[in-house]
Amino acid sequence: DGGITQSPKYLFRKEGQNVTLSCEQNLNHDAMYWYRQDPGQGLRLIYYSQIVNDFQKGDIAEGYSVSREKKESFPLTVTSAQKNPTAFYLCASKVAVANEKLFFGSGTQLSVL
Amino acid sequence: AQSVTQLGSHVSVSEGALVLLRCNYSSSVPPYLFWYVQYPNQGLQLLLKYTTGATLVKGINGFEAEFKKSETSFHLTKPSAHMSDAAEYFCAVTTAWGTGNQFYFGTGTSLTVIP
């Protein structure tokens, strides 16, 4: 079945550590997105990518980094510069047509030890 | 830029009662509007969307929404609530203009259904 796979489902970060969240899609979508979700704040865009080897910062990119080396993959690294990383992270993808929907993965809950 | 406001972060209804979740948007160009539902610890699923054409759109699980340009609203309704409707609901807007097909989400409304 086509879809978006996020792993791991739960992740724990130690102080000063970088961690990487995986996002893989087999929908042949050009555009991919990372959102951060905090209670009561909705979804906030971290980074997005419309094509391979290109990506743009969203509203809250500080402390995060991404890469888009393959069309199917868009990993997110939460660096030690992100001082408040505890949140639910959602990856999404869509075709490059404006009125089409976002497809979401099932999310990764990141917590700080 | 676009934005979405969802009035009421928490809504409670009795089972069988009308569900009304409010969404107002801001956009300087014609919007595309979406409602998503999220169950605990899961991703978001599309309920329905408005792009062009008929302003009353029907979605899955008996939900519908009406695009009212004059009121800049896209409220979500369901005639009779079911226990399985308890979830978080998000309204989102995007447009054909700008870069990256960015979606702008509201802060969400948590729906509780009382038996």
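The values are calculated or read from the model by the stated rules, or taken from the named source; none is laboratory data. Because the structure is a prediction, the values reported are computed rather than measured. Backbone-built Cβ (ideal geometry, glycine too); neighbour counts: all protein chains shown. Side chains included, ligands, DNA and RNA excluded: accessible areas come from the protein's heavy atoms. Shrake-Rupley method; radii C 1.70, N 1.55, O 1.52, S 1.80 Å.
Could you pull out the residue among B:Ile114, B:Ile60 that is over 24 Å from A:Gln109 (Cα atoms), among the β-branched types (Val, Ile, Thr), exposed (fewer than 13 other Cβ atoms within 10 Å of the Cβ) and over 16 Å from the mean Cα position of the chain (by Cα)?
Details: B:Ile60 fails: over 16 Å from the mean Cα position of the chain (by Cα).
Just a single option satisfies the conditions, and that option is B:Ile114.
Quick one: which of A:Gln50, A:Gln41 is assigned to a loop (DSSP other than H, G, I, E, B), within 29 Å of B:Tyr32 (Cβ to Cβ) and within 13 Å of another protein chain (Cβ to nearest Cβ)? Steps first, please.
Details: A:Gln50 fails: assigned to a loop (DSSP other than H, G, I, E, B).
Answer to the selection: A:Gln41.
Residues to consider are B:Phe103, B:Phe67, B:Phe74; find the one that is under 10 Å from the mean Cα position of the chain (by Cα) and surrounded by 19 or more Cβ atoms within 10 Å (Cβ to Cβ). Write out each step before concluding.
On the way: B:Phe103 fails: under 10 Å from the mean Cα position of the chain (by Cα); B:Phe67 fails: under 10 Å from the mean Cα position of the chain (by Cα).
Only one candidate passes the filter, namely B:Phe74.
Output the residues belonging to the range A:9-36 that are within 20 Å of A:Lys57 (Cα to Cα), open to solvent by 10 Å² or more (accessible area, probe 1.4 Å), of a type in the set (Ser, Thr, Tyr) and within 11 Å of chain B (Cβ to nearest Cβ).
Those that are within 20 Å of A:Lys57 (Cα to Cα), open to solvent by 10 Å² or more (accessible area, probe 1.4 Å), of a type in the set (Ser, Thr, Tyr) and within 11 Å of chain B (Cβ to nearest Cβ): none in the range A:9-36.
Output the strands (runs of 3 or more DSSP E) that fall wholly within the range B:32-107 and possess 1 or more residues being in contact with a helix residue (DSSP H, G or I) (Cβ under 7 Å, 6 or more places away or on another chain), or say none. Don't jump to the end; show me each part of the working.
Numbers: elements: B:44-50, B:56-58, B:64-68, B:73-78, B:87-95.
Fully inside the range B:32-107 and qualifying: B:44-50, B:73-78.
B:Ser110 passes all but one of (1) modelled with pLDDT of 95 or more; (2) under 23 Å from A:Lys94 (Cα atoms); which number fails?
B:Ser110 satisfies every listed condition except (2).
Report those strands (runs of 3 or more DSSP E) wholly inside the range A:58-113 carrying at least 2 residues which are hydroxyl-bearing (Ser, Thr, Tyr). Walk me through how you get there before you give the answer.
Values: elements: A:64-66, A:76-78, A:87-94, A:108-112.
Per the criteria, A:64-66, A:87-94, A:108-112.
Taking the range A:61-74, which residues are over 11 Å from A:Ser49 (Cα atoms) and touching a residue at least 40 places away in the same chain (Cβ under 8 Å)?
A:Glu72
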